[in-house]
Every structure is written in C-alpha cells, then in structure tokens.
Amino acid sequence: VIEPPEKPPDMAAAGAAPAPAAAAVSPAGWLGAKTRALLTGEEQIFLLLSVIIGLFSGLLFVCFHISIEWIRINLLSSALAPSPLRVILVPAIAGLVIAYLVMRFFPRVRGSGVNQTKSAVYIYDGYIPFSTVIGKFITCALAIGSGQSLGPEDPALQMGAGVASTLGRRLRLSREKLRLVAPVGAAAGLAAAFNTPITAVLFIIEEVIGKWSAGVLGAVVLGAVSSVVVERLFLGEAPLFRVPPYHLVHPGELVAYAVVGIVGGLASLLFVKLVAFARPRLKALPRWTQYVQPAAAGLILGVIGVWLPQVLGAGYEVMDQAMHDQYAWRMLALLAIFKILATGVSFVSGTPGGMFAPTIFMGAMVGGAVGDIERRFFFTHIPGVVEHLLGAPTPSTVGAFALVGMGAMFAGIMRAPMTSVFMILELSGNYSIIIPVMISNTIAYLISRKYQPTPIFDLLSRQDGLDLPSMEEEREQAEQRVEDALHSPGKTVLDSEDTVTDALKQVEELPDQFYLVLRDEGEWSGISRDALKRAASEEKGAQRVRALLGDTTLPIVHPDQTLEVALRRMGDWPLLPVVHRANFSQLVGVITLNDILKTYHKARQRDNDNLPG
Amino acid sequence: MSEGEQACPRCGRVIPEGHSECPYCAKAHSWWTVQRETLLLASVAVLVVLFAITGVAANLYHAKQKALAQEWFVRGEQALNADQAEKALEDFRTSLAYAPGNDVYRLRLAQALMAAHRTDEARSHLLTLWREEPGDGTVNLELARLAVDENDMPDALSYFHNAIYGVWSRNPEEQRRQVRLELCKFLIRQNAKTQAQSELIALAGELPDIASQRTLVAGLFREAGDPARALDEYRKALKIDRRSEEALLGAGEVAYQTGDYAAAVTYLERAMGSGSVPPRVREELKTARLVLSLDPYNPRLLRAEADRRVLSAFQIASARLDGCLKSRGLNPQPPPNQQPSALQSLAQQERKLQPRAHLYVLSRNPDLRLNFMDLVSNVEETTEKQCGEPSGDDLALLLISRLHGGSKQ
C-alpha cells in the first residue's frame, strides 16, 4: 500500500517554522497545501482516479462508437440492407486486414476482452499495455463496422481497463491498487457501452472481481457513473432499445416465460458448445491460417448476410424491431439460429469483438419467437384482456418475451445470474418484469450449468492455457467451516480453581499435551502438561491452575466460521476452543491445526472424486 | 519471504536488511508526490482537450446521422408517391435507424406499412407513437384507420374520438372536421345510422360557410337516413352558393324523395338550368311535374279543377288496369263459381264507378272523390306489384297515392 508522504513539503516547512509563520501562509499556499493533502491520500487518489478513468473511458467509447458507425457507413453503405456484393466482400477483406493487424502488431487484442481483463488482474498485476487499447479500438471498430457478428461492449470493457491500467501505472499506484484499478476501468467501459451503470458494476463484481468490498465498490460505481454521464452527454439519453411496457395479466403467462427459459438455455448451450468445439480446432491449425481465418469467417458471414442482413454487426436496431413486433416467429427463429452460427464463426476465427450484443440479440430473437408462437396459438386472449383492464391499447406481449429472452440467454451464456436479472430491469426500467425474468433466467442458467459445467469465459481461458479463477466455481465451492473440522474436547478442559496436583492427576492418562482452562466467564486459556509438571517440581502443587495462566487468553472460534479464520487465529497455539456464539463459556469442541489440514485434505479428495471423467 | 523480511508496500519488492524503506521507491520518493500531482493535473488537461475533440466528432457524427436520416426519408417519400410501398418502408426504416426518436419518420413508416398491408408492424409503430403522445391526432387517426381495416368497431370509435379531440399541429379545426367526416362515413358503411346521424349533427354544427362542405354533409345525412336534415343542409349550401349544381341536384332529389314535389321541381329545374344533369334526374323532374299537375289533393285548387283531376286520375288508372289485365291474360269478368283475382275485383269496382264518372255527379256528391281516389290508389299499388314498375302518369299517381296515405286517405 502506498504510504502517504510523512509530511508534504510545505507542511514540513511550516512545521520547522514558528507558529506565527504558519499563520502567515498565503491563501494560495494554503490551497496548495490542501490540494496536495487531498492528492496524496491513497484512498482519495483512488476515488479521484476512478472518476478520471470513468471520464476517459466514456470519451473513448464515444469515439469507438462513432468509429464503428463511420466504418459501417463507408464500407457497407448507409442502407440497412447493403448490396450483396458489399455484404460478401467487405467482411472478408476487412477480416484480412484485421488478421494482419492482430498477428503483426496487436496480438493481445484477440478475444472478447473479459478474459484478457481478468488475466491482467490475476496474472499481470493489473498490467494492460496502452498498445492493447489502441489495437482493440482499431481492430474491433473495423470488425464490427464491417459487419462481423460481434459487439462493442466487451472491447469497451477491455479498453476501459487498459486506460485505467495506464493511468494507474503512470501514477505509480501500488501493485494492489493497480490490480483494482483495471476492474474500475472495465466497469466504466462496459457501463458506457451498454448505457447501464448498474449492470456494468454487477458484471464486474460478479465476473471479474468476484467479491464485494466497500472500497472497490465505491471506485467501480464512480467509474461507471462518470463514463455513462460522458456517454449520454455526447450520444444522447436515448436507451439502446425502446422497451415496450409490460404487465403480467394472467399467471398462465409465467408458464410461457418458463418456456423462454428452457429454449434460451438450450440455445445458449448450442452456442457455447459450438465455440467449445470449433475454437481449439481452429487454433490448432497452422499459424499461417490465422491470417485467413477472420476473412473466411467474414465470407461465411457475407453469404448469410445477403439473405439475412440483420445478423451483421451488433444488431441493436434489429433487437428493437423484434421487440416491437416487426417479425413473425419464423423470421425470429431463423435470425436466432443464424446469429448463433454467425457469432460462433466470427468469434472462433479470432476476430476481436464482444459477445454481449450477440448474446442479447440471440435472446431477443429466441424470446420473441417463443412469445409470438405462444401469442398466436395459446394466449390469444392476453392483449385483449390487457386492453380491457387498462382501458388503453397495449402492444403485443412479444416485446416482453424478447426482453426476457435477452436475460435468459445472457444467464445461459455468460453465467452471471445476478447481472442478467438486473440488466433486464435496468434496460426496461420496469420492475414488474422481474418475476418472468427471474423464472426464465434461473431455468436457462440451470440448464446451461447442467449440460455445460464450465462457463464460457473459464472455457476460453483454459483453452488459452490460463488458469484464471472461475467466479462461478468460487461461488459454488462449499466453504470449509470449523464445524467440519472440530473434535470433541473430551477431558482436555481443566478447571482454573483446581490445584496443580489435581490437574496433573486428571491429565495423567491423557495423550494430549495441552489443555483448555475456562478462567472467567467466556475467557479461555490453555496450559501445557510441561507447565503443570514444572510447577509441581517447583513445589507449587497446591497452587491453583489460575495462578499459572498469566494474562494471556486463547483466541476463540465459532462453529460456523471458516477454517481460514481458524487458521489465522491459530497462530502458535496447539488448539483453539470452539465456543457457542450465544454463550462463550459453552465449549462446542476444539480444533487443532491437524484437524484443519485433515479437513482440507478430505475436501480435496472429494473434489477430485467429483471431477468429470 | 523469510521471517524478518519486509515487503515494500508500494512495489512489493523485499526491503533489504538495514533499510527502513524500499531503496527503489525511496529514490523516486522526493519527486514522486510532485509527479503524481502533475500527472493528475495533466490528466485533467488531457481530458479537457479530449472533451473538445470528442465534442467536435460527436457533432459531426450527429450531423451526419441527421443528414442520412433526412436523405432516406426523402427517398421513402418519393417511393411512396410512386406507389412503391415496399421500397418506401425500407427507406423509412433506414431513416428511422438514423433518427430513432423522430416521430414524423416513424409515422411515415407506419403509413408505408399500412400501404403495404403489413398491419401488425404498422400497429406496433403507431402504438409506440401513441404511448409517447396519446393525444396526438394523426396517430389516433391512423390507429382508427387500422381498426377500420380490421372492422374493429369499438377500437375505431375510440381512436376516431381520440383523434377528434386530440392535438393537431396544423389547422386543427379542419383536421378534426375531416376526422369526424371519416368517422361518419365509417359509421354509415357499418350501417350504424343512428350513431352516424349524431356525429353528423355535431359535424354540421362545426361546419364553416362553405357550400361544398355543407353539400357533402347533406349527402351523408341522406345516406344516414335523415333526408330532412339533408335538405336543410342543402338549403344552407344554396344560401351560400345559389348556383351550386351539386346542392341543387341534392336538394331536388331529397325533396323528390320526401314528397316535396314542388320544391323538387324548383331545385331540379334550377339544376338543369345550371348544367347537364343525369337522365335519372330528368325523369324525376318529369315525374315531379306530373305529380304536381295530377295531384287532386292540392289545397290551392278550385273545387272544379280538383274534380277534374280526380276523374282524370280515374281514367288513367282504368287504362292501367285494362292494360295489366290484358298483359296477364285475364278477363275482367271472372268465370262463374270462381273467386275473382285482385285485378278482377278492381275491374269490377271500376265498372261500378264508371257510370258515375262525371263532373256534375262529383259536384253533387263530393264524397265520391274519395271512392275514386281510393280505387286509383289500389289500382296503382296492385298493378305495380303484378305488372311491374309504372311510369309517366301512373307513376305520378302512385306517388300521389303514397304521399297522401294511399287508399286510407
């Protein structure tokens, strides 16, 4: 941790000078001193830096967004459905350029950016070179602008982290803070790209940092909010989608939303399995093929795009259209299938770009298709009922299904369940939708977990030979607690009022060398057999045990506390008393270092037994 | 790290023995604080510059988006004017992608979708607009038209009324009148004539003094089954423009239909004088003139003239009855032991009255007029049913009979 300087220079001078001289400091000098004091406090610096990072990330994303649009208009034309020749040629040629840039200049920009940010945090002490930011900006703008089926969110996340890392290094932050500053930038980048600060904060906490702590949360929130403010300042307040209003009219609808969860879960499985299957095989091909893989992906995408131009690019307009009933279920289903294929192809080819937008695109199509089918064939009465109840016309429920589908697919692919729920709430601004979202997201998440135990980000990092911490595994891992390791205290407890001679008699037959002594209400001490023998040999056999204890008390632990807590408290003590939380005098058991090690060993064996294969 | 060694909290390196602080970091310590302040200030300066650059870029970007939106909108308008609804809606959709918040573009897209018969999509866009501006007249009108297309009477009525009482940016009074006019036409098509009449009464109360509009509303009153108000509106139209051919014709026809043959003759003669009229109207004028010339019930007639007209009517009806009997191959006298047909009964009555068909008989016995006219009425009604539509004098007599309550008079 960076220690603040012992005294700022002027304060040191002031300290050397007599008191009246200090009072004579000019207002400018006083202000300077205050500013320095502010700028040299580690926590203050970190929070201030979070805001600066947020502002930089916001600006960077605005430029990134403009660049993507500029490239799209100039390469593919301003039409929503460009000419077939362009659709076939542009992604392929852009793919060649991207591959060259990645292979020759920016090898670190491959992939979505989430794992790369995690690598920076967990492996490289928060180090992300600024060249990665530049490379990510150029290659992703070119890829998304030329129609590759990828999104701008994950690259924005990595660029934000890169900016934060650069600033952190320039400010010579400590290693610990450097590790923390990258997620702050990542949250800022994601918040700007998605225009949803809460979702960004949650995603970073849930998927990158993996734990909540007040210090980090404050910085992450500040960064995310600053970047969103900048993004809205330049790109406008309009949300990504115009979300139709939603009202749950009939409980039967929830069954329909459960079906969205099932279909969303299966569709997410299809996508993850496609990536899991194809990516390592493509990576295993000779190195020269990596120069043509993005171009080949572009060509495949172009062929699909001639027929279904909606699958090109991030596809926010198409999601908006799907939410407003502009496609029938057949078209929605086709778009879902081909978006899975197109995104899979784009992603496994090594083209840099994100998975957020394609994921929610697929979800919107899947949800919309299910919603349209259910509306047409099962719940034809619903819109009429809504109109009757509200006395006003309502849109069809397809929009709500599309929205719920986004969450389901996000939960299934990204495996960030909390983020997936809050994302939909934040996008829709409607808390009535929480029940359908929770139902479908949970189902999709469980299906995905059941049939694809390794989440996609962990899968990608393992394919890349990295062992990044899996946030899901950490969340799911059963914690080892004191109650799992403690053993019965037996006769190892002595009474502090016993004499040394009596105490020695009590422990004569026992194998233990150290005994607990309850000295006062809830206060435990310990004494060794050697100490008792020594006292007896010094003719202090008639003395009370209490007299030998001194002031030292034993640390205590409770049964529900983790073994990590017990380990920390153990220190050099041979055992610790495990006491009841409501009555510290009530001994539940004792725990030794050996107990702890045995329990960890058993847990490891259990984990090994549970490993697939 | 072995016991006793301490790691530098800043760089993480082990602090060598004999050093109280990290020698690597201590070197930079004196300038480090200054450096940090400078860097933070420099960051702020860079931010200011970047804000300015991004601001310029964002302005250029928004201007480009706006220009593209406008360009595609113009293309859409051209395509729509050329009846290429499919192309137009793609163009409008593109323009909307560049200006998602533009309600005019969205409305035109919805209209293009309606023109392309893609009602579900059109409704979705219109509902989006409706949610943003529930009182917008144009949006409500388009939603009403959608409901009309789908024969959804309650929705159509609701949206039409929303449109009538809604907000219109340009010429609101005229727009509201046009909407009510459209609603009236819809109600008449739906045969909801009572509702149509009430809407038309409201519309008539709002009309400006423009003959064509009064004439139009009068025509709708006629269609809604309210000829009296129709005639009233035609008259108001004629007060504004005495030579309005349409109003004259309409007034003449309504007067003819309501049995005001004197007015009908007046209006139709004026209509003929101001331009060409359809043959049907000429026939109506002719018939109306005959009605006026044959009608014995006219209170202004002298008694002798009235008697003369009664006898004339009797002779015309007798001739019609003879002709009808012949055309159906019937003998005026039914065979013995056989019930006479309706025509034969009338012929028997006619034979009974024939000897009394003299002016002096009628002048002595005025009650006979009713007997004669009852027979005339019965003959014309029965022959119309059995021998087809009458024409000329017979038609005039039939109309006179109906005007005065037939044989019950």
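Across all directions, the shadow cast by the convex hull of chain B built on its C-alpha atoms averages 42.3 square nanometres. By the Cα gyration tensor, segment A:65-204 has an equivalent ellipsoid whose semi-axes, rounded to whole angstrom, run 30, 16, 10 from largest to smallest. Dividing the summed helix terms, -39500 (n - 2.57) for each DSSP H run of n ≥ 4, by the number of residues in chain A produces a 222 nm estimate of -20500 deg cm²/dmol to the nearest 500. Spin-label model, A:ASP609 to B:ASP83: label points 7 Å out along the Cα-to-beta-carbon direction sit 8.1 nm apart. Kirkwood hydrodynamic radius of chain A, from the reciprocal of the average inverse Cα-Cα distance over all distinct pairs: 27.8 Å.
In segment A:303-353, the alpha-carbon atoms span a convex hull of 72 Å³ per residue. Placing R0 at 22 angstrom, the Cβ-Cβ distance between A:HIS487 and A:ALA582 gives a FRET efficiency of 0.50 after rounding to 0.05.
Taken over segment A:180-318, the convex hull of the Cα atoms encloses 207 Å³ per residue. For segment A:253-385, the spherically averaged projection of the C-alpha convex hull amounts to 8.4 nm².
May I ask you to derive the FRET efficiency for B:LYS239 and B:GLU384 from their Cβ-Cβ distance with R0 = 35 Å, giving the value to the nearest 0.05?
Here the calculated transfer efficiency is 0.40.
Placing one equal scatterer on every Cα of segment A:136-239 and applying the Debye formula, the log10 ratio I(q)/I(0) at q = 0.15 Å⁻¹ is -0.60. The alpha-carbon atoms of segment A:76-155, seen along their principal axes, cover 47, 24, 15 angstrom, with the largest extent given first.
Magnitude of the charge dipole for chain A, about its Cα centre and with charges confined to Cβ atoms of Lys, Arg (+1) and Asp, Glu (-1), is about 2200 debye. I need the Debye-formula profile for segment B:166-274: one equal scatterer per C-alpha, no solvent, reported as log10 I(q)/I(0) at q = 0.10, 0.12 1/Å, two decimals. Result of the Debye calculation: -0.29, -0.41. Using a simple spin-label model with pseudo-atoms 7 Å out from Cα toward Cβ, A:ALA238 and A:ILE73 lie 1.3 nm apart. Taken along its principal axes, the alpha carbon cloud of segment B:254-316 reaches lengths of 39, 22, 19 Å, longest axis first. Computed about its Cα centre, the charge dipole of the protein assembly as shown is approximately 2780 debye, with only Lys, Arg, Asp and Glu carrying charge at their Cβ.
Legend: mean number of C-beta atoms from other chains within 10 angstrom of residue C-beta atoms, peptide B:119-131, equals 5.
Taken over the Cα atoms of segment A:451-552, the convex hull encloses 189 Å³ per residue. Legend: residue pairs B:LYS193/B:LYS239; A:LYS177/A:LYS450; A:LYS136/A:LYS273, Cα-Cα distance threshold 31 Å; pairs beyond threshold, A:LYS177/A:LYS450.
The magnitude of the dipole of chain B, with charges of +1 and -1 set on the Cβ of Lys/Arg and Asp/Glu and taken from the Cα centre, is near 1680 debye.
Sorting the segments B:83-92, B:339-348, B:248-257 by their mean number of nearby beta carbons within 10 angstrom, highest to lowest, gives B:248-257, B:83-92, B:339-348. Between B:ASN331 and B:ILE201, the FRET efficiency estimated from the beta carbon spacing at R0 = 51 angstrom works out to 0.35. Ordering of A:187-196, B:396-405 by packing is A:187-196, B:396-405, highest average first (other Cβ atoms within 10 Å, averaged per residue). With N counted as the residues of the protein assembly as shown, its alpha-carbon radius of gyration over 2.2 N^0.38 Å works out to 1.53. Taking only the C-alpha atoms of segment B:222-287, the Rg (one decimal) and the largest Cα-Cα distance, Dmax (whole number), read 10.7, 29 Å. Start at zero, step by 10 Å, and the Cα-Cα distances of segment B:202-338 spread as 12, 30, 24, 19, 10, 4, 1, 0 percent across the bins. Here segment B:58-156 is treated as an ellipsoid with the same Cα gyration tensor; its semi-axes, largest first and in whole Å, are 26, 16, 8. For segment A:531-613, the relative contact order is 20 percent, taking Cα pairs closer than 8 Å that sit 6 or more residues apart in sequence and dividing their mean separation by the residue count. When the Cα atoms of segment A:126-173 are aligned to their principal axes, the ranges along those axes come out at 40, 16, 10 Å in descending order. Taking the square roots of 5 times each eigenvalue of the Cα gyration tensor of segment B:315-389, largest first, gives ellipsoid semi-axes of 23, 14, 10 Å. Here is the list for segment B:236-344: trypsin sites (Lys or Arg not before Pro) lying in DSSP coil, each with at most 14 other C-beta atoms within 10 angstrom of its C-beta, are B:ARG242, B:ARG243, B:ARG300, B:ARG328.
All of the numbers you see were taken from the coordinates with simple rules; none came from a lab. Please read these numbers as outputs of a predicted model, since none were measured by experiment. Methodologically, a virtual Cβ is constructed for each residue, glycine included, from the backbone with ideal geometry; neighbour enumeration extends over all protein chains shown.
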